[in-house]
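Working notes for the structure below.
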Amino acid sequence: QVQLVESGGGLVQTGGSLRLSCAASRSIFNFDVMGWYRQAPGKQRELVATIKSGGNTNYADSVKGRFTISRDNAKNTVYLQMNSLNSEDTAVYYCNAVSFRSNYYWGRGTQVTVSS
């Protein structure tokens, strides 16, 4: 069973930055894609950013230019650097991993709250 553990969430003021981490219980070389999703109150979960095993990245339009996803294979960790945060970024952020056999894994989430 794969475990994904998120950390780094918290309360930040508008315009501030946070870095989220997602630590996997096994080598992230096992995963075709890893990514971050978020779910705000009353809204559906949405894609934030993904990174493929080859390094290709994809971002939601709402975060392009502000968020950066990266991976450290040696630490089995994926990061999400979030800059210029605003109130619309307030949500629970979930780490996701997809294996080469298309098995999906989710973390429990970390809360990000942006205050004005």
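Can you give me the % of accessible surface on the chain that is carbon or sulfur? Probe 1.4 Å, all protein chains present, nothing else counted. Could the numbers behind the result be given before it?
Working: 2730 of 6350 Å².
Looking at the chain in its full context, I get 43 percent from C and S.
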Rounded to the nearest 20 debye, dipole of region 1-65 from Cβ charges on Lys, Arg, Asp, Glu: 40 debye
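Of the DSSP beta bridges with both residues in the chain, give the percent that are antiparallel, rounding to the nearest 5. Intermediate values should be presented prior to the final figure.
On the way: 39 of 43 bridges.
Close to 90 percent.
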Rg and Dmax of region 1-58, Cα atoms only, in Å: 13.4, 38
Most to least accessible of THR14, THR110 (protein chains only, probe 1.4 Å): THR14, THR110
Per-selection metrics, the chain (Cα): Rg and Dmax in Å: 13.3, 43
Region 43-61 and region 72-87: distance between their alpha carbon centers, rounded to Å: 12 Å
Around ARG19: net Lys/Arg minus Asp/Glu count, Cβ-Cβ under 14 Å: 0
Phi to ³J(HN,Hα) by Karplus 6.51 cos²θ - 1.76 cosθ + 1.60 over region 97-110, Hz, x for Gly, Pro: 9, 10, 6, 5, 9, 6, 8, 9, 10, 10, x, 8, x, 9
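The values are calculated or read from the model by the stated rules, or taken from the named source; none is laboratory data. As the structure is a computational prediction, the values presented were derived from the model and not from experiment. Methodologically, a virtual Cβ is constructed for each residue, glycine included, from the backbone with ideal geometry; neighbour enumeration extends over all protein chains shown. Only protein heavy atoms, including side chains, enter the accessible area calculation; ligands, DNA and RNA are left aside. Shrake-Rupley method; radii C 1.70, N 1.55, O 1.52, S 1.80 Å.
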